[in-house]
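**Student:** First the structure, which I've put down as C-alpha cells, then a few questions once you've had a look.
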Amino acid sequence: MIIVLEKGISDEKIENVIRHLEDYGFTVHKSTGEEQIILGAIGIQPNFDTRKIKILEGVSAVYRVTEPFRLASRGYQKENTKIKIGDVVIGSNDVVTIAGPCAVESEEQIMTIAKIIKEGGAKILRGGAFKPRTSPYSFQGLGEDGLKLLRKAGDEFGLAVITEVMDPGQVELVAKYADIFQLGARNMQNFPLLRELGKTNKPVMIKRGMSATIDEWLMSAEYILASGNKDVMVCERGIRTFETSTRNTFDLSAIPVIHKKSHLPIIADPSHAVGIRDKVIPMARAAVAAGADGLMVEVHHDPADALSDGPQALLPEQFFELMDQVKKIAEIIGRKA
C-alpha cells in the first residue's frame, strides 16, 4: 500500500501511523517529498481493509499498489531519484557518461583509457576486475589487483569508479575500491547478492537480464530498496531475441517505460546491446533522445588486442565524436551532457 499523509502532519502522528502499519504486519518505508510525506507499506495481505489506515489522524489517502514493485514505483515516489557520487548527480537534468574498457588489463592500459575518457567529458570510469565469461577459458579479470588499478586511475584523473560484483562474498572487497556497484545481467536475479547490496551505502546499477521483462528487472531493484539502499539505478543493455545481426536487441522503448513506471534513473549501454563498434554511436544517440539519464560505453585505445570485448569498444576518436553529438542532442531535449 501507499499512504499519503496530510501536509504539515506532526511527527507524533507519523509515528502513530507507522506503528499501526507495523502492528498489522507491514514493513514501512518513509519517503519525504517536496510537498508531502508518503509511506510505503510492504507486505502480502490481499484482503487487508485499507479503511483501518484511512481513519487514522493525519492520513490523506491510501492506495493499493497493483505493481509487485512498491518502493521502485512512481506511486511511491513521484520525484526522480537523484544519486550523488561526489560532484556527479545521476538522475538530474545532466546526461552522465560512464566509459572505459570492458576489463582492467594492466596499469598502462587503464591509465591510458582513463585519460582519454576524462578529456572526452566522461564522469565515471568503468572497468571489470571480476569478469563473468561464457567460456571458462576466457580472461576472467585481475581480481583485487584490477580493483586497485581502477581506483588508482579514478583518483589520478578525478573520475568516480564503477565495477562489477559477482558474489555476496565480494561485496566488502569491491566496496573498498569502487564508488558504484555494477550488477551484471547474469546476476540480475542473484537474490542473495541483491540483499547484500541492499545493506550497503553505495549506489548500485542493475543491468537488465538477457531475457528479463521490465517488471522482473524492477523487482530486482525492489530487493535492494527493500533491504535499505535507496541509491539504485537500472541499465538497459539489450535483450536476447531471435535476431542475430547484433549481439543483443537494444530495447530503446524500455527507457520511457521505466520513466513512466519508476522514479529510478536509467542508464543505456549500447556497447553490450549491439556488440558492434560502428553501431554503438547511433544507438547511443538514440538512447539520449529517448530520455536516458546516462550512457555507459566501452572505450579502448587498442581494441584489436583487448582481452575482452574489443569489437564493441569505441576508438578514442569515435568516443570524442560521440560526446560532441550527445551534447547537441541533450540540448535539443532540454538537458545537458
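**Student:** Of the residues ILE276, ILE239, ILE332, which single one is within 18 Å of ARG208 (Cα to Cα) and not basic (Lys, Arg)?
**Tutor:** Step by step, each of ILE276, ILE239, ILE332 is checked, and only ILE239 is within 18 Å of ARG208 (Cα to Cα) and not basic (Lys, Arg).
**Student:** I've got another one for you. What are the residues in region 92-120 that are assigned to a loop (DSSP other than H, G, I, E, B) and crowded, with 16+ Cβ neighbours inside 10 Å, if any?
**Tutor:** Scanning region 92-120 gives SER92, VAL95, PRO101, CYS102, VAL104, GLU105.
**Student:** In region 121-136, which residue that is modelled with pLDDT of 95 or more and in a loop (DSSP other than H, G, I, E, B) is farthest from VAL165 (Cα to Cα)?
**Tutor:** So, considering only residues that are modelled with pLDDT of 95 or more and in a loop (DSSP other than H, G, I, E, B), the one farthest from VAL165 (Cα to Cα) is GLY121.
**Student:** Do we have any residue at all in region 250-259 that's surrounded by fewer than 24 Cβ atoms within 10 Å (Cβ to Cβ) and touching a Ser or Thr at 6+ places or on another chain (Cβ under 8 Å)?
**Tutor:** no
**Student:** For region 93-124, enumerate the residues that are farther than 16 Å from PRO303 by Cβ and over 23 Å from the mean Cα position of the chain (by Cα).
**Tutor:** GLU107, MET111, LYS115, GLU119
**Student:** On to the next question. Report the residue count in region 201-220 for those that are in contact with a strand residue (DSSP E or B) (Cβ under 7 Å, 6 or more places away or on another chain), more than 16 Å from ILE162 (Cα to Cα) and either surrounded by 23 or more Cβ atoms within 10 Å (Cβ to Cβ) or charged (D, E, K, R) (or both).
**Tutor:** 4
One line per residue, one yes/no per condition, for (1) within 15 Å of the chain's Cα centre (by Cα); (2) assigned to a loop (DSSP other than H, G, I, E, B); (3) of a type in the set (Gly, Ala, Ser); (4) over 22 Å from LEU315 (Cβ atoms):
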| position | (1), (2), (3), (4) |
| --- | --- |
| GLU216 | yes, no, no, yes |
| GLY228 | no, yes, yes, yes |
| GLU243 | no, yes, no, yes |
| ILE255 | yes, no, no, yes |
| ILE281 | no, no, no, no |
| ARG285 | no, no, no, no |
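**Student:** If the Cβ limit is 8 Å and pairs must be 6+ apart or interchain, which residue in region 293-313 that is closer than 30 Å to HIS263 by Cβ pairs with which residue that is of a type in the set (Asp, Glu) and surrounded by fewer than 24 Cβ atoms within 10 Å (Cβ to Cβ)?
**Tutor:** GLU298/ASP309
**Student:** Additional query: Would you pick out the residues in region 321-337 that are crowded, with 17+ Cβ neighbours inside 10 Å and out of contact with any strand residue (DSSP E or B) (no Cβ under 9 Å at 6 or more places or on another chain)?
**Tutor:** Passing the criteria: only ILE329.
The values are calculated or read from the model by the stated rules, or taken from the named source; none is laboratory data. Given the structure is predicted, the values throughout are model-derived calculations rather than measurements. As a convention, Cβ positions derive from the backbone with ideal geometry for all residues, glycine included, and neighbour counts pool all protein chains shown.
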